[in-house]
Structures are given as structure tokens and as C-alpha cells.
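The values are calculated or read from the model by the stated rules, or taken from the named source; none is laboratory data. This is a predicted model, so every value here is computed, not measured. Glycine also receives a Cβ, built like all others from the backbone with ideal geometry; neighbour counts cover every protein chain displayed. Side chains are part of the model used for accessible areas, which takes the heavy atoms of the whole protein and leaves out ligands, DNA and RNA. Shrake-Rupley method; radii C 1.70, N 1.55, O 1.52, S 1.80 Å.
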Amino acid sequence: MKKDMICIVCPIGCHLEIEKDEKSSLGFKVTGNQCKRGQEYAIEEITNPKRILTSTVKIKNAHLSRLPVRTNKPVPKDKIFECMKEINKVEVTAPIRVGDVIIKNILGTGADVLASRDM
């Protein structure tokens with residue numbers, strides 16, 4: 001198994017190549033990275049990819065009908081659609097402030113869904 005990817009940890013954008021390596025203590029061999037963060041990113045992206053989730057929820061008593069929200073930590077990529085189902089069930093009432101917790105610990109991921117603007 002060999003995979004090519006571009007590192008997004010810093011602005012350099014190293015072209016990484018990652019492959020399984022039983023001899024390595026990490027279990028993988030990463031080449032093309034200019035720093036240790038690139039190696040960590042590549043291994044996590046192969047073993048347990050995560051993403052920050054951004055969306056909107058319904059809001060009552062506000063000048064707009066949707067409130068932008070985001071997670072405060074990345075959530076596992078395989079739980080994104082389940083998280084979206086939970087987010088789509090929510091309706092909040094104004095006033096809301098940036099950083100207010102809309103959903104605490106969504107689906108047990110350890111990530112909170114936060115308001116991204118005042119309304």
C-alpha cells in the first residue's frame with residue numbers, strides 16, 4: 001500500500017509518499033516531508049482521518065434564518081454524516097454569541113459544536 005498526498009499542516013505543502021513499513025516503530029514510512037509534523041499528519045490521515053465540521057442550524061427570533069456553526073475540534077471523517085444528522089435536528093433561539101456551545105460532545109467525539117457568529 002503506497003499513497004501520495006500533499007501535507008496541509010503548514011504553507012510549504014510538501015508532497016508526501018506514505019507506505020506501510022513493518023520495520024518502523026510507527027508502522028509506516030513517510031518520505032517528502034520537510035518536518036516531523038508532515039510525518040505525523042500523513043500517518044494520522046491514513047490511520048484515523050479527521051476534519052473540522054462546519055454547517056448551519058436553524059435559529060428563531062433573528063434577522064437571518066440560519067446560524068453558522070463549527071466544531072471546536074476535528075471529528076472522525078467516518079462520523080461526519082452522523083454528526084450532520086444531529087446538527088440538522090437543532091433549532092436555537094436568539095440571542096446567540098460567538099463561541100456559545102450549541103451541541104456538547106457531539107456523538108461522543110469530544111468535539112463541541114459552537115456558534116460561529118453573534119445573532
When we measure straight from the Cα of Lys60, which lysines land under 25 angstrom away, once same-chain ones fewer than 8 places off are left out?
Lys85, Lys89, Lys104
Net charge (Lys, Arg +1; Asp, Glu -1) of residues whose beta-carbon lies under 15 Å from that of Phe81, Phe81 excluded, is +3
Cα-projected label distance for Asn48 with Asn88, points at 7 Å along beta-carbon direction, nm:
2.8
Would you mind putting 85-92, 111-118 in packing order, based on average other-beta-carbon counts within 10 Å, highest first?
111-118, 85-92
Amide H of Val69: which non-local residues (sequence gap of 5 or more, or other chain) have their own amide H closer than 5 Å, using H built in the peptide plane?
Ser55, Thr56, Val57, Ser116
Taking placed amide H atoms and a strict 5 Å upper bound, the residues 5 or more places from Val75 or on another chain that come that close are Arg51, Ile52, Leu53
In the chain, what percent of the accessible surface is made up of carbon and sulfur (1.4 Å probe, ligands and nucleic acids excluded)?
50
Once phi is turned into θ = phi - 60°, what whole-Hz ³J(HN,Hα) does the Karplus curve with 6.51, -1.76 and 1.60 give for every residue of segment 94-102, x standing for Gly and Pro?
5, x, 10, 10, 3, x, 4, 7, 8
Ratio of Rg to Rh over the chain (Cα coordinates, Kirkwood Rh, two decimals):
1.13
The chain - accessible surface per residue (Å², probe 1.4 Å)
64
